[in-house]
Structures are given as structure tokens and as C-alpha cells.
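The values are calculated or read from the model by the stated rules, or taken from the named source; none is laboratory data. Model, not experiment: these values are computed from the prediction. Because the Cβ atoms are built from the backbone with ideal geometry, glycine has one as well, and the counts that use them run over all protein chains shown. Just the protein is used for accessible areas: all its heavy atoms, side chains included, with ligands, DNA and RNA removed. Shrake-Rupley method; radii C 1.70, N 1.55, O 1.52, S 1.80 Å.
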Amino acid sequence: MTVIQGENLTKSYGKILALDNLTFQIEENKLTGLIGRNGAGKTTLLKLIAGYLKPSRGEINVFSQNPFDSLQVSANIIFIDNQMVFPAAFRLDDILTEVAHFYQNWNAKLAHGLFEYFSFNPKQRHSSLSKGNQSTFNMIIGLAARCPLTIFDEPTSGMDSAVRKDFYRALLKDYLEYPRTIILSSHLLSEVEDILEDILLLRGGTKCLHQSVLELKEYALGLKGPKQKVLERLKGQELLHTEEFAQGSLYAVIKKQGLTSQEFLKQADLELLPVSLEDLCIYLTDNSKGGIDHVFKQ
Amino acid sequence: MSLSNNVLSVASRQYVYKLKANTSGVYSLIFIQVLALLFSLSGIQSMSSASDTLIVNVKYYSGDIMIAFTFIWIFFMALRLTSINYRTMDFTLVTNRLSSHLSNVGLLLTAIVFGGISSSLMGFVLKIIMYFAFDRSQIGVNGFYPVVSNILLGIITTGLYMTLIASMGYLLGILIQIHVLFVVLYPSALFGLARVNPQVLKLSYDFFASETSPLIFAIRIILSSLILFSLSCLLSNRMEVRK
């Protein structure tokens, strides 16, 4: 079943185009990573899905209805980011008790388990928590709510690496125990690629690609060797990325498209390198070829 | 997909949530009324006349200041509920715009019940203080001793006025959300109207204040408040949240 469907989705803030004709769909019970550079439109897309914003053009459907101002959609969604506000009068343990009334799948045991594991002080107020702790607390709510559609927008901002690892593990475990549709937007692809199933990559408000992580890992091939040889060998191929090293050596990344590594191994001075997902996404979303090096060459 | 999510059930859950979150509102009410009581102690009006042989000094004491302060309190309560912070609080959890408004109105009505009763009863605190602070013979007896029906009428009237004021504050809050300029436009429109056509303001004052039949008065206030609240709902219907 398709949970989210976007049709030519466009959102502009005044003259600034945040999303540009985005068409995509997200299937039920998938853990999708929303990846993109700063300002690629990740948060805007997530807020459109949650029904907080209205598309300027195009259409979005969540659970087959327009999410804007829809109670039905709101009841089945939880949107976790670091802008969540809870009443100043509530202490942390009050929040956990009160929020539970809104979500029918609320898992109090999980909430309290995580709450104690991360050693929160139940008497503290949400606003007095540090940024990392706020993110952790919001994450607990996001997991315990067990909403059919759970959206995490940069959930790990401010968390230290130990907590981030715990969070990914908790997310994966709870997802396996209680499968649901989860969208996770993040900058740190290297950290989340192990738990994601699909990746939706945004570039400048448009869809760059939407594939499973397994496919993406086979997407590209890196080749390193003397510049002339590499260029010669890759003639006719689309270069995703090139990087020059000292002594005329060149590193190039191409789309794999069914090429096997055997074909390259014949040439002795060519070195085959794996391309990490994170690097691949950086290459794919590069604005200009050549990356930061280009600036210094001029 | 959960099914038990009609607007009323969500709004009532939100109402309970907000009630618990706003218990401190009672303290601000108490503070404001005690403050008003202190102001009232010096009397709101005094009149004196003197001749060669006689000096007459008349002082009026009244609970009006307490009522007025309670009006101001409910106005700002309503205004506060429309702030971005409160809206984000709603949209952190399950809500839509209608259920958010409904639970806000519920919360305001609860505040009105509290404010209406307490401000009317504060009048008695003032009277009791007067009773013990002055020589009994100096008190003008007319209307001093309470009659139950009058107390009830006082509470209901105060509550109704508070409802009207709350709906005006709420509308102002929504307008400010639409554009900040309404902070200035709202009062200046009222004053402008009063200058251009003073009759309008007098008519609307008469419409609410000079009605002698309690029933018609109640209907007028309730209908007007309903219209203002619905206008607020309509205006905020297309508004984006958590931008």
C-alpha cells in the first residue's frame, strides 16, 4: 500500500522555490531515509507530509487524503523535530503521561524504559533540557507513539555519538518489533545507512533518486590511476565525480550500470575503489563538477 | 488507521491536556483580583460638600475595578491562546485547526466560569472589609446586604461579558497571526469608527449594555461571541503552522 504520494509537488516561500515538481511515493512499512544537502527541501517536504504546510502547486496524499488540516492524518502521524513545544507547566514525567492519551498505540513500557535508560530526571522541564537531551526526549515520544507514519526530522541534532548509536539501535529494534512507515531525514548518511531500507535523495527541491539502499550500494564504481589512462578507459561513460591527486593521478566515479569489476582489473595500474553511500550522495548532489577543489583552482 | 478520531473526542482530549497545562492561570487570576481589591479599598469616587456648619463627605466603594481587571485578564488569556507558541503546542500532538479552536474555547469558558464567580464574590470581600473597617452607621445600607438572585445575576452577567471580551481577544490574536499590523489596526479601526460615526459605537454599547431583559441580553452576547469565534476559525483555516 502506498502511504504517501506526491504529485508534481511544488512549494515556494515568496520567490524562493523550496520544492520543485517533486513526484514520489513511499510504501507502507518502509524505513526511508530522506537525504539531501542543506536547503534541499527536506524539512519542507516533511512538513507538507505532516499537513503543516500547504503545497503551492501539485498534490500530496497521505493515507489517501490531503494531510492539510486533516484530523485523521494527524492522528496517524507523529512529527519529531527539535521545535516540539510542551506546556511549561508539565514536568517530563507529566508529558509522558499526558501525551499517551493522544496516541492509541502508545507503548508506555517502552517510553519509561527508554526514559530510565537515558537517565532523565522526571522532575525536570522540557524547556530546561539541553539541546541533545531535548532531541533524545522527543525521540522517545516518537518511538513510543508507534504511529503508522513516524517522521523524524534531523532527530539526532545535538545528540552525542553514544546517544546517536543508541537511538539508531532503538529505532531499528522497535521498527522490527512493530513495523510501520518511518521517514528519517538526516545529514549523517554514513550513520544511518545500515538501518535504512530506501533512500530518497533530494537536490535543490527535486528528486535526485529514490532507490533501495542495496541498489544504491551497487550504483557507482570508483577508479583511480594515472589521469590519461583513467580518462581513456572511461571514455563515453558519464563521470559522476572526478578528483585530481598529486603526480597526475585521477580518481573518477562512474555509474556502474551492469559493468563488473573484472572488466577493469585487466589494466594493472588502475585501482578499483568502493564508493561509500555518503560520498555517492555528495557526488550526486554536487552543484558544480569538481567540488570545493574547483574554488581553489581559480 | 485509528477510527475513534472525530473532532469532538480529540478536542476533549486537548481540552483536558490544556486544562492541566494552564492551572497556573488561576494564580494570575488571584493575583489580579487581589491587586484590584487593593485599588478598590481607596474608593472609586468621592464627593464632598461643605457649608459653614456642615461637611459632608461621600465615598463610593465598588467591586467594578475587580470586574474590570477580570475582563482584562480574560482578554489576555484569549490573546495568549492564539500565540505561535500555543499553536505549536497543539500541532506537536494530534490536532486539526477546528479541534484546536474548540479546545481553546473550552478552556476560555472554564476560565470565564472561574473569573465570573470569583470576581463577583470578590465584591463581598470588599464589603466585608468595609463592614469591619467603618462605623456601621456610616454605611449606606441600600444594596449592601446580598440577595441570592442578585449574586447569581451578577455572576452570569459578568461571565457573559467575559465571553464577549474573550471572543474579541481571540479574534485579535488570530488577526495578529495573519499580520502583525493588526495590533495597530484593530484598535485604530474601533477608534476610527467611533470618530467617523459615533452613533455606531453608542448603538453597539446600547445593544449589549442597555438591555433589560436578561434572556435577550444573554442571547445577544452568546450569538455575538459565536460569530466572533467562528470568524476566528474561518480566518485561521488556511493558515500554515510550524513553519
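What lysines does B:Lys20 reach when the alpha-carbon gap must be under 18 Å and sequence neighbours fewer than 8 apart in one chain are set aside?
Cα-Cα hits under 18 Å: A:Lys123.
How much of B:Val196 can a 1.4 Å solvent probe reach, expressed as accessible area in Å² and rounded to 10?
Accessible area, nearest 10 Å²: 130 Å².
Leaving ligands, DNA and RNA out of it, report the carbon-plus-sulfur percent of the accessible area of the protein assembly as shown at a 1.4 Å probe.
61 percent
Using protein heavy atoms only (no ligands, DNA or RNA), what is the total accessible area buried between B and A, 1.4 Å probe, nearest 100 Å²?
Using a 1.4 Å probe on protein heavy atoms, the buried area is about 3000 Å².
Leaving out same-chain residues fewer than 8 places away, which aspartates and glutamates sit with a Cα under 19 Å from that of A:Lys255?
Within the straight-line cut-off, A:Lys255 pairs with A:Asp198, A:Glu215, A:Glu218, A:Glu232, A:Glu238, A:Glu243, A:Glu244, A:Glu263, A:Glu271, A:Glu278, A:Asp279, A:Asp286.
What nm distance separates the two modelled labels at A:Glu177 and B:Ala209, each placed 7 Å from Cα along Cα→Cβ?
For A:Glu177 paired with B:Ala209, the spin-label model returns 6.4 nm.
Nearest 20 debye, what's the magnitude of the dipole of the range A:2-216 about its Cα centre given +1 on Lys and Arg Cβ and -1 on Asp and Glu Cβ?
It comes to approximately 540 debye.
List the pairs from A:Lys11/A:Lys256; A:Lys109/A:Lys217; A:Lys227/A:Lys297 whose alpha-carbon separation is above 29 Å, in the order I gave them.
Table pairs above 29 Å Cα-Cα are A:Lys11/A:Lys256; A:Lys109/A:Lys217.
Any idea how far the Cα center of the range B:165-222 sits from the one of the range A:145-168, in Å?
48 Å
Given the options A:Gln104, B:Ile176, A:Tyr219, identify the residue whose Cα lies farthest towards the positive end of the charge dipole of the protein assembly as shown (+1 on Cβ of Lys, Arg; -1 on Cβ of Asp, Glu).
B:Ile176
Setting aside same-chain residues fewer than 8 positions from B:Lys202, which lysines have a Cα under 30 Å from its Cα?
List returned: B:Lys59.
Quote the FRET efficiency, to the nearest 0.05, computed for B:Met239 versus A:Lys297 with a Förster distance R0 of 51 Å and r equal to the Cβ-Cβ distance.
Working from the Cβ atoms, E equals 0.55.
Under the rule of -39500 (n - 2.57) per DSSP H run of 4 or more residues, summed and divided by the residues of chain B, what mean residue ellipticity at 222 nm is obtained, to the nearest 500 deg cm²/dmol?
So the calculated ellipticity at 222 nm is -25000 deg cm²/dmol.
Assuming 0.36 nm per residue, please report the length gained on full extension of the stretch B:Ser48 to B:Ile216 beyond their Cα-Cα distance.
56.5 nm
Helix-only estimate, please: 222 nm mean residue ellipticity of chain A, summing -39500 (n - 2.57) across DSSP H runs of length 4 or more and dividing by its residues, to the nearest 500.
Calculated at 222 nm, the ellipticity per residue is -9000 deg cm²/dmol.
Can you tell me, using C-alpha contacts under 8 Å and at least 6 residues apart, the relative contact order of chain A as a whole percent? Kindly include the intermediate steps, with their values, before the conclusion.
On the way: 533 pairs, mean separation 57.5, N = 298.
Reported as a whole number, the value is 19 percent.
Tell me the accessible surface of B:Phe39 in square angstrom (1.4 angstrom probe, heavy atoms of protein chains only), to the nearest ten.
Here the accessible area works out near 110 Å².
Explain nothing, just the number: dipole magnitude of chain B about its Cα centre with +1 on each Lys and Arg Cβ and -1 on each Asp and Glu Cβ, in debye rounded to the nearest 20.
Dipole about the Cα centre, nearest 20: 760 debye.
Who wins for biggest fluctuation among A:Tyr178, A:Tyr103, A:Tyr52 in a Gaussian network model of chain A, springs between alpha carbons below 10 Å?
Evaluated over chain A, the most mobile residue of the options is A:Tyr178.
Tell me, what is the FRET efficiency for B:Leu152 and A:Ser119 to the nearest 0.05, using R0 = 51 angstrom and their Cβ-Cβ distance as r?
0.40
Using protein chains only (no ligands, no nucleic acids) and a 1.4 Å probe, work out which residues of the range B:202-243 have their accessible area cut by at least 10 Å² relative to the chain alone.
B:Asn237, B:Arg238, B:Glu240, B:Val241, B:Arg242, B:Lys243
Distance between Cα centroids, the range A:48-114 to the range A:196-263: provide it in whole Å.
What the calculation gives is 39 Å, centre to centre.
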